[in-house]
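Structure first, commentary second.
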Amino acid sequence: MTIRHNKKLDSNQKLKNQAEYYDKADVEKAFDLTKISKHKGKIKRVNMLLPINVFLKADEIGRITGTGYQNTLKTAIAIGLHQLDEEIIDVSSTALR
């Protein structure tokens, strides 16, 4: 896996932890289509303006995986939200001690 340094990360350890999370992420479990059921009102359409490099990267990954850029973006959002949620829980539980 190629890792690009993100200036917002404080240390190499955070970068390593981030890479390990993405390597372990079970995308198929997160998007189990056998359990899907469509209900009106359960889906929210969101229009977003993305930097062109984000779109191009999602398009590249979508072509490689055969899922397309939209599903690639949805997967990235789901993984990112899961990671963010865990970090917030860790921070808030530490603050309560």
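Set side by side, the residues LYS38, LYS29 differ, and just one is at pLDDT below 90 and over 23 Å from ASP85 (Cα atoms), which is LYS38. Here VAL46 passes the criteria (1) farther than 27 Å from LYS14 by Cβ; (2) in a helix (DSSP H, G or I) except the one numbered (2). Looking across segment 51-97, the residues that are farther than 18 Å from ASN17 by Cβ and of a type in the set (A, V, I, L, M, F, W, C) come down to ILE52, VAL54, PHE55, LEU56, ALA58, ILE61, ILE64, LEU73, ILE77, ALA78, ALA95, LEU96.
The values are calculated or read from the model by the stated rules, or taken from the named source; none is laboratory data. Just so you know, these numbers come straight off a predicted model, no measurement behind them. With ideal geometry, Cβ positions are generated from the backbone for all residues, glycine too; neighbour counts draw on all protein chains shown.
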